Amino acid sequence: MAMMPPFDVQTGHLPVGRYSCTPEEAQQRLVHDPGFKNSSTRVDLWLNFERYIAKFFALEEKYQDILTAPVLDRVWLGGSFVSAKLDPNNVDATLIINRGAKDALRGKAGTGLFARSRDSVKDEFGVSPLFLYYEPVVHVFRLDGLEESHRTYLATRGTWDDWWQRVRAEDDRGLSEGTCLPRRGYVEVVMS
């Protein structure tokens, strides 16, 4: 996988784009980088992020006999955790969940994980999760012939890709035309 570039000295953000890496590479760069040696939050946030993600892997292991794909394939990390900020408050994450695997688990023990509120997860783990339900879409350029769920998936994927590249203004939470242009990068942690 490509190396995550350094943070811009002036803005504290990654250059615009999505940077794929392994969990180990993300941890090295976002937690154990020498620039974060004095951080009082990054180590604990990462450990709690790992504890939270482990719950999805536990589901996969418990129900491996009925699953044909992993539940959690990758996670997009953004926000202040993917910046030069020494002490971010939380880990902002979009979890890319395989819809087919989630549907196969419907009604099984442990699947309340998908229904937990963001606030409860943030309170327990310091992770602010958002879900993107992956669906394989063969013909992405034939939108008029797609099922509604496929159109929704493509739109939602584009939404989060766009959002993680924005830099919010302090006074408007990123909801102005002036903050719409891509101005920072984010990290894609590939789990499989």
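The values are calculated or read from the model by the stated rules, or taken from the named source; none is laboratory data. What you are looking at is a predicted structure, and each value in this text was computed from that prediction instead of being measured. Virtual Cβ from ideal backbone geometry, glycine too; neighbours counted across all protein chains shown. All accessible areas refer to the heavy atoms of the entire protein, side chains included, with ligands and DNA or RNA removed. Shrake-Rupley method; radii C 1.70, N 1.55, O 1.52, S 1.80 Å.
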Considering only DSSP beta bridges whose two residues both sit in the chain, what percent are antiparallel, to the nearest 5? 45 percent
Test item: Cα-centred dipole of the chain, Lys/Arg +1 and Asp/Glu -1 on Cβ, debye: 120 debye
What's the ranking of 45-55, 148-158, 118-128, 84-94 by average number of surrounding C-beta atoms within 10 Å, highest first? 84-94, 45-55, 118-128, 148-158
Run the accessible area of region 1-102 with a 1.4 Å probe and give the carbon-and-sulfur part as a rounded percent. 52 percent
Tilt of helix 42-62 relative to the longest C-alpha principal axis of the chain, in degrees (0 to 90, nearest 10)? 10 degrees
By how many degrees, 0 to 90 and rounded to 10, does the Cα axis of helix 148-164 deviate from the longest principal axis of the chain? 10 degrees
Computed over region 36-138, protein heavy atoms only, probe 1.4 angstrom, the accessible area per residue in square angstrom equals 47 Å²
Under 11 Å, Cβ to Cβ, from Ser20 - net charge with Lys/Arg +1 and Asp/Glu -1: 0
Whole Å is fine, so just give me how far the alpha carbon centre of region 9-88 lies from that of region 96-153. 18 Å
